[in-house]
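The structure appears right after this line, and notes come after that.
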Amino acid sequence: MLASSRYGTLYVGVTSNLIKRTWQHREGFVDGFANKHSIKRLVWYEAHDDAHAAITREKQIKKWERAWKIRLIQERNPHWRDLFDEVAG
């Protein structure tokens, strides 16, 4: 999940390459909603063993109320740190 800022606009997506896709969003190479709203901060993610499971989970989270998404972020990342450097190593 990406965010524009703490408690800002959220974006939920799925990818087979989290580092590459997050970098593309950060650099503005992805047209659409995330770019329009300057959503560049990786604030939450989870890994899945197969694409079908990841897509199913993405669809589930996209249907959630905003408050549920915020709670999910805050459980693991209460300060809404950008996790990109952690993931990119």
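The values are calculated or read from the model by the stated rules, or taken from the named source; none is laboratory data. This structure is a prediction, so every number in the text was calculated from the model and none was measured. Cβ coordinates were reconstructed from backbone atoms using ideal geometry, including for glycine residues, and neighbour counts include every protein chain displayed. Surface accessibility is based on the protein's heavy atoms, side chains included, excluding ligands, DNA and RNA. Shrake-Rupley method; radii C 1.70, N 1.55, O 1.52, S 1.80 Å.
General observations
- Applying the condition of being farther than 19 Å from residue 70 by Cα and open to solvent by less than 50 Å² (accessible area, probe 1.4 Å) to region 23-43 and asking which residue is modelled with the lowest pLDDT yields 30.
- Selection count where residues are closer than 12 Å to residue 3 by Cβ and either out of contact with any strand residue (DSSP E or B) (no Cβ under 9 Å at 6 or more places or on another chain) or surrounded by 11 or more Cβ atoms within 10 Å (Cβ to Cβ) (or both), scope region 60-71: 2
- The lone exception for residue 12 - which of (1) under 20 Å from residue 74 (Cα atoms); (2) in contact with a helix residue (DSSP H, G or I) (Cβ under 8 Å, 6 or more places away or on another chain); (3) open to solvent by 60 Å² or more (accessible area, probe 1.4 Å) it fails: (3)
- Considering the conditions (1) open to solvent by less than 60 Å² (accessible area, probe 1.4 Å); (2) touching a residue at least 60 places away in the same chain (Cβ under 8 Å); (3) of a type in the set (Lys, Arg), residue 57 is excluded by exactly one of them, (2).
- Condition check for residue 87 on (1) under 13 Å from residue 2 (Cα atoms); (2) open to solvent by less than 70 Å² (accessible area, probe 1.4 Å); (3) touching a residue at least 40 places away in the same chain (Cβ under 8 Å): one failure, at (1).
- Among the candidates 6, 26, the residue that is closer than 23 Å to residue 89 by Cβ and not aliphatic (A, V, I, L, M) is uniquely 26.
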